[in-house]
Each structure stands twice: as structure tokens, then as C-alpha cells.
1. Taking other Cβ within 10 Å of each residue's Cβ, how do His98, His151 sort, fewest first?
2. How big is the dipole moment of region 8-182 about its Cα centre under a simple scheme where the beta carbon of each Lys and Arg is +1, that of each Asp and Glu is -1, and everything else is neutral? Debye, nearest 20, please.
3. Looking at Val106, Val160, Phe71, which one has the Cα that reaches farthest to the positive end of the dipole of region 54-161 (charges on Cβ: Lys, Arg +1; Asp, Glu -1)?
4. Among Val57, Val29, which comes first, then next, by fewest other beta-carbon atoms within 10 Å?
5. Relative contact order for region 8-182 using alpha-carbon pairs under 8 Å, separation at least 6, rounded to a whole percent?
6. Do any of Lys121/Lys183; Lys50/Lys91; Lys46/Lys136; Lys46/Lys142; Lys91/Lys121 go past 23 Å between their Cα atoms, and which?
7. Fewest first, what order do Thr31, Thr95 take by the number of other Cβ atoms within 10 Å?
Amino acid sequence: MSTENYPVVFGTEDILRSLCDSVSRVLSVTTQSQIRYSGMVQRISKTCLKPDIGCFVLFDGGFSGLVVINFSAPAAMELYEQYMLNMGMSKDELTTSHTSDEVSNVMGELMNQSVGDFTAKVARELQTHITQNQPKMMALSKQVILSVDTHLEKPEARRVTFFTGRNNIFYLELAIDRTEFIKLNDFDASEVPDPDALMDQVHGATAARPAPAVSGTSEHDELLNSLGM
């Protein structure tokens, strides 16, 4: 049967918007600041790691792709500082260098949470499954730009500009295989399973299940009866 009668509900730009929403939401919550992204998106020919801090994550499964985030030093330090202060650290304990391992670790953790939120939404909204690897972070000098080979068959690449609460800038780049998700049946994409409710249902079903009938005679007695004893 032809799929032309069904509307395309998710394409590259929709997937990109979902990813940007996840990054914006996770960073806003974890840093207690307003992270927003541009309403314009760039079509680009390839993804690159650029100064001052480049980070990338590969994902695979229902569809494959690559997420790159390039932070300027001021943007990385702002997010790092806000995150650590929100975690209860004092400002005196924070590093002042964007090239330190501590900053890279925090940026990697924030990216891991952001992409994790995105993969969970993919499972709910697209009813497919993707997995991600651990983010790779790299502090780069102004003279170094690294291209990332995605090994995709028909890659589409996009770049979106993000702004921090202090208007520092960082860039998100997404490269994925050209793909479209076509809705065949209606489903509730917003329905998120509640583990507690699920356990209550399991316990309720167990309690409602009738207990097995207890026989008046044991197997031993039945054996004796069959032998005429």
C-alpha cells in the first residue's frame, strides 16, 4: 500500500527542533538560567569541532546521526559556573580555566543529559529506539578545526545558534541520514510510563488473582488409594 495518503509527521527539521528543545530545557534546568536558541537554522555541508571546546556524541538505532556542540570559552565557563553553583559548590572552589578537565567533565555530563532527554523523546514521539555513546570533549586552539566523519549514506547537516543567559554563544550541529517518519496509527505521544503506577498494577493483579485450590487429599494419599491401601 502506498504511504502517500499518510502525512509526514517528522522530518530532519522536526528532529532538530526536538533536539534543540532538549538541550535548551536540560541546560536551563541544570544551570538555573535561560538558555535559548535561534529561530533560524543553517544548512551546512559537514560537521566540525571548533574552538574553544568541541564536544560530540554519536547515536544509532532507528536512525543514525551525530551531534556536535561547539562552546566558546565564555559560554563554557558560564554554564560550568552556573551548574556548579547550583550544585552547592562555592565560587572559590571553581576553576578559572576553560581548558581544565573539570570544565570538560561538566560539559560532557550536560551534553550526556541533553542527548539522553532527546533519545527518551524519540522513543515516545517516534516510537523507535536510538542509543548514544559517551560524549567526547576536546579543548581546541584557534588554529585547530576537526571534521567529524559521520559515515552516513545520505547525510543532512544543520547548525543552530544558542544563547546563554549572559548572551554568550555556542553552536549545535546535527548530521543525520535523510529520514522521514510517517504516522500510520494514532497514539498518545505524551504518555510517559509511571513506574510507581506500573508496580501498583502488578501488585493489584497479583492480589486479585485467585489462590490455587487446595486439594483435600495429597498426592501421597491418592497414590495409596490407587493401590487400594
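Just so you know, all these numbers are worked out from the coordinates, no wet-lab data involved. Keep in mind that this is a model prediction, so the values were computed, not measured. Heads up, the Cβs are rebuilt from the backbone with ideal geometry, glycines too, and the neighbour counts pull from every protein chain shown.
1. With the fewest neighbours first, His98, His151 line up as His151, His98.
2. Here the size comes out at about 460 debye.
3. Farthest along the dipole direction, towards plus: Val160.
4. So the ranking, lowest neighbour count to highest, is Val29, Val57.
5. Numbers: 334 pairs, mean separation 67.8, N = 175.
Normalised by residue count, the contact order of region 8-182 is 39 percent.
6. Correct reply: Lys50/Lys91; Lys91/Lys121.
7. Ascending Cβ contact count within 10 Å gives the list Thr95, Thr31.
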